Amino acid sequence: MEKVYERNKLLANFNTSFCPGCMHGTAVKLICEVATELGIEDSIVGVMPIGCSVQWGMFVNFDTFGVPHGRAAATATGYKRNRPDNVLVVYQGDGDCSSIGLCETVHAANRGENFTVIMINNQVYGMTGGQAAPTTLPGQKTTTSQAGKNIEEMGNPLNLAEMIAGLPTPKYVTRQTLHTPKGVLAAKKAIKKAFEIQIDGGGYSFVELLSACPTNWKMTPGNAVKYMNEVVTKQYPVGDLKG
Ligand SMILES: Cc1ncc(C[n+]2csc(CCOP(=O)(O)OP(=O)(O)O)c2C)c(N)n1
Ligand code: SF4
C-alpha cells in the first residue's frame, strides 16, 4: 500500500500533554515539518520559555534550552551570536513575549537579531490559570478580569506584530492563525519563509500565531474555534505585516 503520510521524525513518538483543543501542538508539528522540508534537522535549535509553551521542547527530537520567564529574546541573542550556524526558533506565549519579555522582544527585533520568534497568542496566561495578558480582548473574562476586561483600567489589547512591523529592522513580520485548515497551511508557509530568511542570514523574523486555550477560556474546543473566527480574528487580523 502506498504510504501517503507519516509522523514527522522530529516529533517525539508519544502524545503531547497539551489540553484538548489547544493549538500549541499544531504549531510544534508545523515547525518540525518545515525543518524537515528545509533539511535543517541537524541545525535547528529551540528556545523553551516559561508557560505551557515550555512543553514544546519535550515533544521534539532536536536540542532545546530553557530560559527564565520573559528572557527568551535576550538569551537567544547570546546563543545565536555564538552559534550563527544554528537555525534558532524562539517559541513563546503571548504573556512571555509581550508582557514580562516585551523589552527583550522589542530590542531584539530592533537590533535585527538573526533568529525567528514564534509567538503563540491565546490571549491569556495559560499555564498559571488564565490570568489576563496584554493581548486579552476588551470585555474578555479571565481570572483577573472576572467582570470582563475593562480597557480603561487594563489597556487596549497589544497588537505586538503591528508594533514590531513598525520598526525599521525586522525582515519579516506576520500574523497567522491555527484555527482553520487554511490558516494552518498559511501558518506553515509563514514559518518556512521566516526560517529561510534566517538561513540566508537575513535577520529578524516574527511569526504570531493565533491559538486557543479552551481550558482557561472555559469553552469546548469547538466553541473556541467559533470564538476565534467571530471575535479573536477581528482584533487580530491575519496576514503579512512586513516582508
Ligand atoms: C519571573 C516569573 N514571573 C512569573 C512566573 C509565573 N508564570 C509562569 S508561566 C506564566 C504565564 C505564561 O503565559 P504565556 O506566556 O501566555 O504562555 P502560555 O502558558 O499561555 O503558553 C507566568 C506568569 C514565572 N514563572 N517567573
Ligand atoms: S492551559 Fe491552555 S495553553 Fe495550556 S495546554 Fe491547556 S489549552 Fe493549551
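The values are calculated or read from the model by the stated rules, or taken from the named source; none is laboratory data. Please read these numbers as outputs of a predicted model, since none were measured by experiment. As a convention, Cβ positions derive from the backbone with ideal geometry for all residues, glycine included, and neighbour counts pool all protein chains shown. Keep in mind that these areas ignore ligands, DNA and RNA; they rest on the heavy atoms of the full protein, side chains included. Shrake-Rupley method; radii C 1.70, N 1.55, O 1.52, S 1.80 Å.
Quick check for you: which residues of the stretch 176-220 have the amide N under 13 Å from the point 7 Å beyond the Cα of LEU38 toward its beta carbon?
188-207
At 0.36 nm per residue, minus the direct Cα-Cα distance, what do ASN156 and ASN110 gain on full extension? Give it in nm, one decimal, please. The partial results should precede the final answer.
Values: separation 46, 0.36 × 46 = 16.56 nm, distance 2.29 nm.
Between ASN156 and ASN110, full extension yields 14.3 nm more.
For the chain, what does the accessible surface come to per residue with a 1.4 Å probe? Please give it in Å².
Details: 10830 Å² over 243 residues.
Accessible area per residue: 45 Å².
Ranked highest first by the average count of other Cβ atoms within 10 Å around their residues, in what order do 146-154, 202-210 fall?
202-210, 146-154
By how many nm would the segment from VAL4 to ILE199 lengthen if fully extended, with 0.36 nm per residue of separation less the alpha-carbon distance?
Numbers: separation 195, 0.36 × 195 = 70.20 nm, distance 2.89 nm.
Separation in residues times 0.36 nm, less the Cα-Cα distance, equals 67.3 nm.
With a length cut of 24 Å (Cα positions projected on each helix's long axis) and a Kyte-Doolittle mean of at least 0.0, go through the chain and give me the DSSP H helices that pass. Spell out each step's value before the answer.
On the way: long enough: 181-199 (27 Å, 0.16).
TM-like helix candidates: 181-199.
With runs of 4+ DSSP H residues as the only contributors, calculate the mean residue ellipticity of the chain at 222 nm using -39,500 (n - 2.57) per run, divided by the residue total and rounded to the nearest 500. Don't skip to the answer; put the middle values down first.
On the way: 8 runs with 76 residues, N = 243.
Helix-only estimate at 222 nm: -9000 deg cm²/dmol.
Give the residue list of chymotrypsin sites (Phe, Trp or Tyr not before Pro) in the stretch 1-31 that are DSSP loop and have at most 13 other beta-carbon atoms within 10 angstrom.
Working: sites: TYR5, PHE14, PHE18; in loops: TYR5, PHE14, PHE18.
Hits after loop and neighbour filter: TYR5, PHE14.
How many angstrom lie between the C-alpha centres of the stretch 177-230 and the stretch 79-109?
Value for the Cα centre distance between the two parts: 17 Å.
What part of the accessible area of the stretch 85-243, given as a whole %, is carbon or sulfur when the probe is 1.4 angstrom?
Values: 3560 of 6420 Å².
Solvent-exposed carbon and sulfur of the stretch 85-243 make up 56 percent of the total.
Could you tell me what fraction of 2.2 N^0.38 Å the Cα radius of gyration of the stretch 24-242 comes to, as a two-decimal ratio? Intermediate values should be presented prior to the final figure.
Details: Rg = 16.1 Å, N = 219, 2.2 N^0.38 = 17.1 Å.
Dividing the Cα Rg of the stretch 24-242 by 2.2 N^0.38 Å gives 0.95.
For Cα pairs less than 8 Å apart in space and 6+ apart in sequence, what is the mean separation divided by the residue count of the chain, i.e. the relative contact order in percent? Spell out each step's value before the answer.
Working: 491 pairs, mean separation 48.5, N = 243.
Averaging sequence separation for qualifying contacts and normalising by length gives 20 percent for the chain.
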